[in-house]
Structures are given as structure tokens and as C-alpha cells.
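Each value in this text was obtained by applying a stated rule to the coordinates, not by laboratory testing. What you see is a predicted model, and the numbers here were worked out from it, not measured in a lab. We place every Cβ from the backbone using ideal geometry, glycine too, and count neighbours over all the protein chains shown.
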Amino acid sequence: MSDKNSHFNSEDVKIINTGCCHDCGGRCVLRAHIKDGKIIRFETDNSEETTLRACMRGRAYRQRVYSEHRLKYPLRRIGERGEGKFEQISWDEAFDVVASKLIEIKENYGNSSILLMAGSGNQGMLHGVVPVGLMLNQFGGYTRFWGAPSYEGALFASMATYGTIKTGNAREDFLNTKLIIMVGWNPANLIWDPETRVILAKAREKGIRIVAIDPIFTDSAAIFADQWIPIRPGTDAAMLIAMAYVIITENLQDQAFIDKYTIGFDKYKEYVLGHEDGIPKTPEWAEKITKVPAKVIANLALEYANTKPAALVVGWGPARTAMGEQYSRAGNVLTAITGNIGIKGGYASGFMRAYSSRETIMTRERKKKKEGPIVEKKEKPKPRAQDNPVDTGAPPRKYSLYKLRGGTNPASTRVHINDLYNLILEGRDGGYPADIKMAYVIATNRLNQYCNINKGVEALKSLDFIVVHEQFMTPTAKFADIVFPVNTFMERNDVAVPWLGSPYYIYLNKAIDSLYDTKSDLEICQELSKRLGIKADLLSLPEDQILRLLTAPRRDIKSYNKMKKDGYYKVKVAEPFIAFREQIKDLENNPFPTLSGKIEIYCEHMAELNHPLMPPIPKYLSHDEHYDSPKAKKYPLQFLSPHNKRRTHSSLHHMPWLEEIEPHAVWINTVDALERGIKNGDLVDVYNDRGRIRIPAKVTERIIPGVVCVYQGAWYSPDKDGVDIGGCANTLTNDGYSPGGACPMNSALVQIELSPNPLKENS
Ligand SMILES: Nc1nc2c(c(=O)[nH]1)N[C@H]1C(S)=C(S)[C@@H](COP(=O)(O)OP(=O)(O)OC[C@H]3O[C@@H](n4cnc5c(=O)[nH]c(N)nc54)[C@H](O)[C@@H]3O)O[C@H]1N2
Ligand SMILES: Nc1nc2c(c(=O)[nH]1)N[C@H]1C(S)=C(S)[C@@H](COP(=O)(O)OP(=O)(O)OC[C@H]3O[C@@H](n4cnc5c(=O)[nH]c(N)nc54)[C@H](O)[C@@H]3O)O[C@H]1N2
Ligand code: SF4
Ligand SMILES: [Mo]
């Protein structure tokens, strides 16, 4: 078969347009070259801009598809829970066991005793969690979580400030700005869509000034930035508030914008100037907290206020902390008081989800036709989260912004995603809304990816039954009673929608038959549904038919067939999206979707919630696992666990090509290493009261003193003493959550020492 876009064709090689949709903000094109039923190589998108080029992880994907570690057939546990001992069983047996357990547990304890632990492994519309959610909804429901590990602090702050999560400007608009400030944002390594880093490279070439604020000298700081401002983790709110101090005292705020579009500036001013608590939030005040010199803070404040338009990008990493939403709110407010909202080259910092182009088109169409909702009656709606009967009619969660539409689901039947181990261990007696008996685990390496693994082990061990859909024997799958072996992107059809409203879709055409005795999540749910007595509906249709139904409401896909043929569909966009442009042009007819209709510097709804750690204006707050807490005496190092270029969470573990890119290690500054007698490459123990990991040290100046970093995603692997020699960050992190719902993955305190030398101990 010939293909004009390929340079590598031969008669016996067929090219299938497919893609990769792991959860890294990507969704990228892969063109699989198939020979004798096997993928022999991948190309990626070679078409015109915007390119949907796969990253190195996608390009290396053959090593994952053909990994010897793939799960090959259904498994039943024979050893102790978590021991990892299983026997092969038939699909029929596996389906029978799971269906009968589901029925038994439902009859004896009710649907709320079934906990759905779902994750982001597959971002397609059809596979992964989607069929399981549909099946369990029809089965009477389940207990589910609220809160996303990625961004809950940012989301809460966005809702509180703007009443929506649709903030930011489209990527290409970075080329219209004069200054980009990246706070805790590393798009050189982390994918937000395949084009973001290309745009930033172009911005740099254009001479647009870029500043990076991060405790780590990231690849983004190195590649894109003119200035790197190292900062103590968890203290950015103090820096942003001190910037507001400089702007206010220099009278550089955009007063006309503030008067017209915001409420509560005066209350914020009282706090910033110190009239409220006697502490003026000067750059000198912030220097002591952040370790950023007062002069650097003042200069950046002056630069931001005097350069218009400017884009302040308040990233998610610093919001993945114990007081995450305060930082995000402080950033949002700063963009408002400088009037950088709703304008070309500006950036309404917030959730950081520039919805775009795609939505603009849909909205515009809707307005034009004045025909009401996008989903017409004859079309089957997308499966909706709120269809879970266990949540139906439940009153709102106590500290949610329940008066606002959108954002976090307010049902009080739901438990925070980082609090599920307490839910399992304590149940109703502990004040939780359910007593959990079984976990249904799908597309997540739950144990590995959420905080406090040792507590997680205890919780999973206490359950009656666990079923896991997986492709690999992950640390979580080891705890299953039944493991369903699942196929990969390459072995089924799906459609994926990218993050950030990027204007394109990818169609993942099935490239090869399912390997071994694996099935798709959809096929598994189809079989289970029969045994659960669930009537045929969406789930029973063939893949392509379901995909047509699921994509039907997306009017900007002008040709489904073209999307399927090409493996992608790029939506033509008239102009880049700018959040709140309509509000700024005509506020009267387009109020902000907040309760006041304006940008809320002071949020009355938050004030009503009356939570001591949820002030209605953004504040810098310390907490009990911060650098200045009593715990820091025993555990003086702040621990970060960001995402990195080699991995997508824990999904790409068995890929030697990717391991070569960056060996797993704890990053530690030369000063801290010297103090502890640690040399580059030494094996060290990183520990706190929650656990201990053992990994090599990377001694580097790229991280500031007092801070250490272990990139998330390495597989938890306890030795006989319980020391995690896999070096999983979450062995050390705290399973709490901020008042607004942020997971505090970047707010742990630890100590480091050289690992015991086995040779010495044995002698
Ligand atoms: N310490 C620390 N921890 C973190 C973070 C952090 O910054 N620091 N970040 C958090 C964030 S933002 C996120 S989003 C989470 C992600 O955490 P998870 O959602 O758990 O993501 P993965 O670790 O990639 O695990 C996904 C699993 O799904 C499997 N999988 C892939 N495709 C399929 C499929 O089609 N079907 C099925 N059944 N399984 C499939 C993969 O093999 C993999 O084991 O991690 C969080 N954890
Ligand atoms: N390659 C790759 N790309 C990905 C992912 C992946 O796993 N791999 N995951 C995707 C997913 S699901 C998500 S949610 C996003 C996550 O995207 P982010 O949340 O942006 O990613 P992180 O790497 O956790 O954090 C970004 C930066 O914040 C810094 N940081 C941490 N704490 C602080 C702080 O207190 N202050 C400041 N100023 N900086 C701080 C870290 O050092 C890091 O450089 O990435 C997505 N993209
Ligand atoms: S791993 Fe993420 S960025 Fe890389 S190819 Fe896959 S979807 Fe794209
Ligand atoms: Mo995430």
C-alpha cells in the first residue's frame, strides 16, 4: 500500500493511522507501519501545522505494546493479598467471579459499598473508565471520588475568582504578548498539547521575555527563559501577594479595570498593606518566606505592571500543595489588578485551560441558530458523571462552591480522591458516607499514584474483593483478586479529545489484533453486563457505532470519515481563543458567571462557607508540613515529586529506551549532599514517618538547597523490610487535601541519609 506522506513504504508494509492518548495533555498522531501483522515502526504527524507530533514516549511505544511484561490472560489471586501470586483462569471463570461478587456485595451491603477507583491511563472516549462507569451506573451506582490530583487547587481558585474554569488564552496567543511569567510550569518536558512548546520556542525566537519561577532549574527554565527565579516550595502565594503590594503602593494597578470588572479589591488591599493583620506584605516580608531577594520580587512586580500585555501563567505544580488554592487565587487576582484579562497577549491565569477555539465554534453556532442545547434529543448524550444513582439527590458537599454551576461536583456522597484509604479503613463510623467492601480499579495504578502508599497497602488489604483491569502487573494490580488483562491503543478503535481545548481530535484506528488473550475494557464490560442482567444499551453496540454516537454532539468535526481515515481532525480556527473577551467588551450583556457577575477578588460564597483556612481573599498560609512547621526539625528537607519527560505517570515503566533518558534518582543540592556525606550516585534513603525509599542521589545545582525531588511515577517495590527500593515518591507523601481540594503531593517533609552499606553490615 502506498502513502504519499511516508518515506518508508514498501509493498508489504501497511500504514495504519492511529495515535497515543495517555494522560499527558497530548493526544498525538502515530502512523503504525505494519508488516506481517506486527508493528515494525512508528512515524508521526508529518502534515501541515498545527503538528500533532508524538513525543519520544509515543515514538517508543512499540516497547510497551510488545513488552514481555504485558498481562496475557485473566488471573486469580492464590497468595496473600498484595503478594503477587496468581493463577491463570479462563475468561468465563473471571467474568463469573467478578459478576457474582458484584451481585453479592450489592445485595448484602448496597451499591455504595462498591468503590470505583478510576484513573487516567487511557484518555480515549470509549475505553478505560468510560464503559466501567456506564456499566456500574446501570448496576445501581457506586461510591466515587471527587477531586482531581492534577489541578483541584487551581480549579477551585478559578471557580471562586471567575465562576468558571475556562480561563487563559490559546497557545498561539503567547506570540502576541510582551512578557511570559511561568510559575511552576515546565512545558519543555510536560505536554499540554503537542504545540505548546513549539509556540514557546517561537516566542523566545521572537524576543518575548520569559521568566521561570521554580525551585528546580527545569528544562523550560534552561531552554525558554531569560531569567530563572528559584523559590522555596509552597511559598509562591507570598511572592505574588508581595508583587501586589509593590503594584498597589506604586499605584500601578489598572484602577479602571478593577472598578468596572472586579469586586473586593479594597478588602484585599487592607490585607496586602497590613491594615488587617498589622503585617504589610512587603517584598522584604516575602523574601524571608520565599528566599527570593526582595529586589527581585519588586523588579518583577514593576515589570509585570509596566509591560502590557503580559501573560502570567500560574501552573498546577505549586497548586498541588497543602494550601494550593491560595497560591492560584493570588495569581488570578494579580492578573486582574493589572488588567491582563480578556485581551490579546494577556492571560487570565486560573485553571489554565484555554478552552478555545473548539468551544467558541460550538457556542457561536448555538448562538447563531438559537436552537438551545447542543445535544439534540435524537442524539445519545455523552455518558455523564452525574448519572450515578448513589449520588442522585445527595445534598452538596459542605465546603464546595455549590452555588456555582460547573467545577467540582458537589455531592456529599463523594469522598476526596486522596482520602480513599481513610474511607476504606474508617467507613461510616469515621464519618464517611459509605462502608466499602470492594474496589473496582480501572486504568489507574492507584496505590502508586496517590499519597501515603503504606496506608494504601493497609486499606487495600482490608477489602473483601478487588478487581483490576490492567495491561501490566502494577503495584496496584498485585492487590487484586481478579485481574482482567487489557489490550492497548494499538489493538482497538477510539477517539481522543486533547486537553486545553486544542482544536483537534485524534482517531486511533486499530492497528493490530489483540495480543495474547487480552480484551478491551469495552469487551470486558459487555460480557460482565450480560452476567449482571444489564439491558443492552450503548455498551452493546460495535466500537465504531458508539464512537459515532459519542462524537455526534461535537459539531466541529465536519467529517467523521475523514477523521477516521487520517487518524486526526484539525479544526479550522478563525482566531485564537481569549478567555473573557466578551465580558471585557460588554459586561452588562456578558457578566462573569460568578454570583456577583464580576471577577471576585473577595469571594462572598467562600466567606459563607466559613472555613478558617478558606479566606475569601487570597492569603499566604503555612501548614503543618511546611518548612517552618515543628516537623521540619526532624525532617528538614522539602520534598517535590513533579512529572517528567521520561514518563507519563507510572504508565511507561517497562520501556528501556525511556529509562535511558533519565535514570531515576533523588535530586539533591550540593550543599545538602555535602552536609550528609553524599556523593553523586550514592545510594541514599529518603524517609519520613510515612515510609522510606532507597534510590541513587543525583547531586546537582539545578535544585535549591533545602529541597529534594523524586519524579513521580516510579513503581513502588518494597523489600522484605518494607523499604521501597523502587523509589516511588508517594511512599513519602501525605494523604490529606487542602480545604479547596488540592492533593499535597508537593508538600512533604523528609530527611535523607546514606543507605546502609550491605557489605559492611554483613562483615
Ligand atoms: N507524587 C505524585 N503523585 C502523583 C502526581 C504528582 O505530581 N506527584 N500527579 C498525579 C496526577 S496529576 C495524576 S493525573 C495521577 C495519574 O495517576 P494514574 O491515573 O494512576 O495514572 P498511571 O500511573 O499512568 O496509571 C494508569 C494505569 O492505567 C493502565 N492503562 C493504560 N491504558 C489502559 C486502558 O486502556 N485500560 C486499562 N484498564 N488500563 C490502562 C496503565 O497500564 C497504568 O497502570 O498521578 C498523580 N500522582
Ligand atoms: N511528560 C509528561 N507530561 C505530562 C505528564 C506526565 O506525566 N509526563 N502528566 C500530565 C498531567 S496528568 C498533568 S496533571 C500535568 C502536570 O503538570 P504540572 O503540574 O505543571 O507538572 P509538575 O511537573 O508536577 O509541576 C510543574 C513544575 O512545578 C514545580 N513546582 C512544584 N512545586 C512548586 C512550588 O511550590 N513553587 C513553584 N514555583 N514551582 C513548583 C516543579 O518543580 C515543576 O517544575 O502534566 C501533564 N503532562
Ligand atoms: S505520551 Fe503523551 S505526548 Fe507522548 S505521544 Fe503519547 S499522548 Fe502524545
Ligand atoms: Mo494529572
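Sparsely packed loop sites in the stretch 69-98 (the GluC sites (Glu not before Pro) outside DSSP H, G, I, E and B with at most 15 other Cβ atoms within 10 Å) comprise Glu80, Glu83. Step through the table entries Lys85/Lys645; Lys398/Lys619; Lys269/Lys633, compare each Cα-Cα distance with 27 Å, and write down the pairs that go over it. Result: Lys85/Lys645; Lys269/Lys633 exceed 27 Å.
For Phe472, the residues whose amide H sits under 5 Å from its own are Leu71, ignoring neighbours fewer than 5 places away on the same chain, with H placed 1.01 Å from N. Taken along its principal axes, the alpha carbon cloud of the stretch 500-554 reaches lengths of 40, 29, 20 Å, longest axis first. Of Val573, Val272, the sequence from fewest to most neighbouring Cβ atoms within 10 angstrom is Val573, Val272. Here the extension length gained between Ile103 and Ser462 equals 127.3 nm, from 0.36 nm per residue of separation less the Cα-Cα distance. Each residue of the stretch 508-513 was assigned a 3J(HN,Hα) from its phi angle through the Karplus curve 6.51 cos²θ - 1.76 cosθ + 1.60 (θ = phi - 60°); the sequence is 9, 6, 4, 9, 9, 5 Hz, with glycine and proline shown as x.
In this structure, the amide hydrogen of Val495, modeled 1.01 Å from its nitrogen in the peptide plane, lies closer than 5 angstrom to those of Met125, Leu126, Leu508, counting only residues at least 5 positions away or on a different chain. Using just its DSSP H runs of length 4 or more, each adding -39500 (n - 2.57), the chain gives a mean residue ellipticity at 222 nm of -8000 deg cm²/dmol after division by all residues. The stretch 130-198 and the stretch 81-126 have Cα centres separated by 29 Å.
Rounded to whole numbers, the Karplus 3J(HN,Hα) couplings from phi for the stretch 393-403 are x, 6, x, x, 4, 4, 9, 9, 7, 6, 7 Hz, using 6.51 cos²θ - 1.76 cosθ + 1.60 with θ = phi - 60°, and x at Gly and Pro. Between Ala434 and Arg428, the built amide H atoms are under 5 Å apart, and every one of these is 5 or more places off in sequence or on another chain.
Note on Glu11 and Asp513: with the Förster distance fixed at 25 Å, the Cβ-Cβ geometry gives a FRET efficiency of about 0.70.
Rounded if a/c is under 1.5, else prolate if a/b is larger than b/c, else oblate: which is the chain, with a ≥ b ≥ c the root eigenvalues of its Cα gyration tensor? Judged from the Cα gyration tensor, the chain comes out rounded (a/c under 1.5). Residues Trp91, Trp316, ranked from the fewest to the most other C-beta atoms within 10 Å, line up as Trp91, Trp316. Residues in the stretch 331-341 carry Karplus couplings, in order, of x, 4, 5, 5, 5, 6, 6, 9, x, 8, 10 Hz; the curve used is 6.51 cos²θ - 1.76 cosθ + 1.60 with θ = phi - 60°, and Gly or Pro positions show x.
In angstrom, the C-alpha Rg and Dmax of the stretch 630-762 are 14.6, 50.
Here's the list of aspartates and glutamates a cross-link from Lys634 could span, going by alpha-carbon distance under 19 Å and ignoring same-chain residues fewer than 8 apart: Asp624, Glu625, Asp672, Glu675, Asp685, Asp689, Glu753.
Taking the Cβ of Glu83 as the centre, find all other residues whose Cβ is under 10 Å away and add up their charges (Lys, Arg: +1; Asp, Glu: -1). Residues close to Glu83 contribute a combined charge of +3.
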